[in-house]
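**Q** Would you mind keeping the following structure in view while I ask a few things?
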Amino acid sequence: MTNKFTTTDDNSQKAAARNDGGFFSGARASSCRSLYVHVPFCERKCNYCAFESAPPRAGDFELYLASLKKELALRRAELGRLTLGTCYIGGGTPTALPPLAWDELIETLEEFFDFVPEAEVTVEANPNSLRAEHLLAWREWRVTRVSVGVQSFDGAELEMMGRLHGAAQAHEALSAALAAGFAVSADFIFGLPHQSLENWARTLREAVRCGLSHISLYQLSLEEGTPWGNLPHDVLPDGYAQYRWAQWYLPRHGYEQYEIANFARAGRESRHNLNYWRDGEYLGIGPGAASYINGARMKNSGLLREYAAALDAGRLPIRESERLDAEARGREAAVLALRTAAGIERAEFAREYGVAALSRVERIMSGFPKNLYESDERGIRLTKSGMRVANLIWEELV
Ligand code: SF4
């Protein structure tokens, strides 16, 4: 999914070109406790999607799983064996992997990582490819959350987007994941061509009725190179009004907005994503995955064959990388923290990024109208109004 707000992945994937098998040198025994696994397959591309994924060809699952093991062996040689507090398996479409491939993926992850007992393990699922066997395998392993790509409960909207499922199948997938005992999250897209506020409201009302513990909302953006890349902007509705409605409606039904695009029932926030927004380290594996370790951002090659070829040659498949200086880290950390309802905590931010970085944020924020943010002794945070115009604020802060 894409949105007009800066996504976690977008933040983690800003990088300068470099191809270096020894990037982590000196990073042994990293304190990184978050893992992202990218599954680069989708049965068919949705009309709006610019994510790193493609329909699988014969032999691709085997190539992917074998390459993943090679990447993990190289990562372990550099980082040591990591103990994970969170693991997020996303894509792409993780449920495009058949159950047998899942067994192998689980075995591989167990071979290379330790998990803390209360680890949060999330898997993304698409309604058309989620099978009972997937749920069983995840249940028997250590999955705690399932995040379903629903996008809409309107059949015509789903068809227009090129999704492979209808509304009934989306309901079935959510019910099955809930019945299997997982905390269930679902993604929805607003700002679709010609989408009325009424249709958007209807989708969210249905979402609330489903018993989800977490809801993510993304505004459509027209991405170059996708079938919708050249759509005229005047077919898009007023996303501001739709977003504002969600901000009003969801908290009234028990979903607090804890981040620009995310709402959760109490205690059901995504710990994995909170780690991104708190500027925490993470290791990303698989084609197109991004990592952030020891102040360096890296992104893997997005094409399966390119990714596999680098690993065959004994190299990490890093396509881009960038080491951030202290000032850049402070700038990025400010934007990431302000995405969350908790915002920037003054003392912690000054300790980590310096008093000058905090003063810079204060100076920039003071140029915005007072209804867009709150500033007190404890910290600085965007109000709901501020979250609606966050992109304008990021332009000044970055
Ligand atoms: S299922 Fe998700 S990742 Fe795959 S093409 Fe559609 S939006 Fe993109």
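**Q** Criterion first (over 20 Å from the mean Cα position of the chain (by Cα) and away from the ligand (no atom under 15 Å from the Cβ)) does E172 satisfy it?
**A** Numbers: over 20 Å from the mean Cα position of the chain (by Cα): yes; away from the ligand (no atom under 15 Å from the Cβ): yes.
Here the answer is yes, as E172 does meet what is asked.
**Q** Out of region 242-259, which residues are without any contact (Cβ under 8 Å) to a residue 60 or more places away in the chain and either surrounded by 14 or more Cβ atoms within 10 Å (Cβ to Cβ) or assigned to a strand (DSSP E or B) (or both)? Step through it out loud before you land on a result.
**A** Taking region 242-259 first, the residues without any contact (Cβ under 8 Å) to a residue 60 or more places away in the chain are 242, 245-246, 248-255.
Residues satisfying the conditions are Q242, W245, A246, Y249, L250, H253, Y255.
**Q** Just one of (1) in a loop (DSSP other than H, G, I, E, B); (2) farther than 11 Å from L304 by Cα; (3) open to solvent by 20 Å² or more (accessible area, probe 1.4 Å) trips up C32, so point out which.
**A** (3)
**Q** Could you tell me whether A347 is buried (at least 17 other Cβ atoms within 10 Å of the Cβ) and not acidic (D, E)? Working first, answer last.
**A** Working: buried (at least 17 other Cβ atoms within 10 Å of the Cβ): no; not acidic (D, E): yes.
Against the criterion (buried (at least 17 other Cβ atoms within 10 Å of the Cβ) and not acidic (D, E)), A347 does not qualify.
**Q** Only one of (1) at pLDDT 95 or above; (2) within 16 Å of the ligand (Cβ to nearest atom); (3) open to solvent by 10 Å² or more (accessible area, probe 1.4 Å) fails for G225. Which number is that?
**A** (1) is the only condition that G225 fails.
**Q** May I pose another question? Any idea which of L158, L164, L100, L135 is under 22 Å from E52 (Cα atoms) and part of a helix (DSSP H, G or I)?
**A** That would be L158, the only listed residue that is under 22 Å from E52 (Cα atoms) and part of a helix (DSSP H, G or I).
**Q** Also: Do you know which of the residues in region 62-72 that are away from the ligand (no atom under 16 Å from the Cβ) and open to solvent by less than 50 Å² (accessible area, probe 1.4 Å) is nearest to W102 (Cα to Cα)?
**A** L65
**Q** Looking at region 74-88, is at least one residue open to solvent by 20 Å² or more (accessible area, probe 1.4 Å) and within 16 Å of the ligand (Cβ to nearest atom)?
**A** Yes, region 74-88 contains a residue that is open to solvent by 20 Å² or more (accessible area, probe 1.4 Å) and within 16 Å of the ligand (Cβ to nearest atom).
**Q** So which residues in region 279-298 are more than 23 Å from N262 (Cα to Cα) and open to solvent by 20 Å² or more (accessible area, probe 1.4 Å), if there are any at all?
**A** Hit for region 279-298 is N294, nothing else.
**Q** For region 136-162, give me each residue that is in contact with a strand residue (DSSP E or B) (Cβ under 8 Å, 6 or more places away or on another chain) and free of Cβ contacts under 8 Å to residues at least 24 places away in the same chain. Full working, then the answer.
**A** Step one: filter region 136-162 for residues in contact with a strand residue (DSSP E or B) (Cβ under 8 Å, 6 or more places away or on another chain), giving 138, 141-152, 157-158, 161.
Correct list: L158 only.
**Q** Return the total of residues in region 373-398 being open to solvent by 20 Å² or more (accessible area, probe 1.4 Å) and without any contact (Cβ under 8 Å) to a residue 40 or more places away in the chain.
**A** 12
**Q** Oh, and also: Looking at region 126-169, which of the residues that are basic (K, R) and over 21 Å from the mean Cα position of the chain (by Cα) is nearest to R205 (Cα to Cα)? Give the derivation first.
**A** If we filter region 126-169 for residues that are basic (K, R), which is where we start, we get 131, 139, 142, 145, 163.
Narrowing the set further to residues that are over 21 Å from the mean Cα position of the chain (by Cα) leaves 131, 139.
On the way: R131: 26, R139: 29 Å.
So, considering only residues that are basic (K, R) and over 21 Å from the mean Cα position of the chain (by Cα), the one nearest to R205 (Cα to Cα) is R131.
**Q** Same structure again: With (1) surrounded by 22 or more Cβ atoms within 10 Å (Cβ to Cβ); (2) over 21 Å from C32 (Cα atoms); (3) more than 16 Å from the ligand (Cβ to nearest atom) as the list, and D103 as the residue in question, which single condition is left unmet?
**A** (1)
**Q** For region 106-117, which residues satisfy the criterion of being touching a strand residue (DSSP E or B) at 6+ places or on another chain (Cβ under 8 Å) and either assigned to a strand (DSSP E or B) or within 16 Å of the ligand (Cβ to nearest atom) (or both)?
**A** F113, D114, F115, V116
**Q** For region 153-169, what are the residues that are of a type outside the set (A, V, I, L, M) and within 12 Å of the ligand (Cβ to nearest atom)? Can you show your working first?
**A** Looking only at region 153-169, we keep the residues that are of a type outside the set (A, V, I, L, M), and these are 153-155, 157, 159, 162-163, 165-166, 169.
Correct list: G162, R163, H165.
**Q** State yes or no: is P55 assigned by TED's automatic domain parsing to the domain that holds R145, at pLDDT 95 or above and open to solvent by less than 10 Å² (accessible area, probe 1.4 Å)?
**A** Details: assigned by TED's automatic domain parsing to the domain that holds R145: yes; at pLDDT 95 or above: yes; open to solvent by less than 10 Å² (accessible area, probe 1.4 Å): no.
So P55 fails the test.
**Q** Does at least one position in region 195-211 carry a residue that is within 17 Å of Y48 (Cα to Cα) and at pLDDT 95 or above? Spell out the reasoning first.
**A** Step one: of region 195-211, the residues within 17 Å of Y48 (Cα to Cα) are 195.
Next cut, at pLDDT 95 or above only: 195.
Within region 195-211 (the criterion being within 17 Å of Y48 (Cα to Cα) and at pLDDT 95 or above), the answer is yes, since at least one residue qualifies.
The values are calculated or read from the model by the stated rules, or taken from the named source; none is laboratory data. From a predicted model like this one, the values you see are computed outputs, not experimental measurements. Ideal geometry is used to build each Cβ from the backbone, glycine not excepted, and the neighbour counts take in all protein chains shown. Please note that ligands, DNA and RNA were not included when accessible areas were found on the heavy atoms of the full protein model with its side chains. Shrake-Rupley method; radii C 1.70, N 1.55, O 1.52, S 1.80 Å.
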